[in-house]
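Okay, structure first, notes after.
The values are calculated or read from the model by the stated rules, or taken from the named source; none is laboratory data. Here the structure is a predicted model, which is why all the values come from computation and not from measurement. Every residue, glycine as well, gets a Cβ built from its backbone with ideal geometry; the counts of neighbours run over all protein chains shown. Accessible surface is based on the protein model in full, side chains and every heavy atom, while ligands, DNA and RNA are left aside. Shrake-Rupley method; radii C 1.70, N 1.55, O 1.52, S 1.80 Å.
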Amino acid sequence: MAVQYAKTYIDRAVDANDLFTLYDVIRVLDSERDLAEPLRLFLRLWEWTGSTRSGVWQYYENVRIADFDEIATMMDRYNLTEIATRYRAGMECWEEPRYCDDLDAWIEANESMLEEIAMRLIEPHREQLYPTTN
C-alpha cells in the first residue's frame with residue numbers, strides 16, 4: 001500500500017514553512033512517485049544545508065560524484081547561481097575540513113535565504129504531495 005499524507009497535513013506544513021516535516025514527506029514520497037525535479041532538488045539542497053551541524057565537508061565526503069554533478073546542474077537550471085557556485089566550491093576544499101569553514105559560515109549566515117528558496121521549490125508542486133486517487 002502506498003504512503004499517503006492528508007492534504008491538510010501537507011497544507012499546514014507548507015503554510016507554516018515547516019521544512020523538516022516537508023523534507024520527511026517529500027523523501028518518503030520520492031521513493032514511491034515520480035516527483036517534479038524541484039521537489040527532488042529541495043531534498044538535496046536541504047541535505048546539503050543541514051550538513052553544517054557536523055561540518056559540510058562530511059557531506060562532500062559521502063556524496064557520489066554523479067549525484068553531485070546532477071545536483072549542481074539542477075541548481076543551474078533553477079537559476080540558483082550563487083548557491084551552485086558555493087556548492088561546487090565545497091567539492092574543491094572538502095578533503096581538508098578546515099577549508100570548508102567559510103562554506104559552513106556562509107550556509108549558516110544565509111539560512112533564511114536558503115529556507116525561502118526551499119519553499120519556492122516546493123510551493124508550486126505541493127499538489128504532488130497530496131493523496132492520490134486510484
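Restricted to helices (runs of 4 or more DSSP H) entirely inside the stretch 23-134, those with at least 1 residues that are farther than 30 Å from Asp11 by Cα and open to solvent by 20 Å² or more (accessible area, probe 1.4 Å) are 57-62, 65-77, 81-93, 101-109.
Beta carbons closer than 8 Å, at least 6 apart along the sequence or on distinct chains, pair a first residue in the stretch 13-26 that is without any contact (Cβ under 8 Å) to a residue 24 or more places away in the chain with a second that is open to solvent by 10 Å² or more (accessible area, probe 1.4 Å) and among the β-branched types (Val, Ile, Thr) for Ala13/Thr21.
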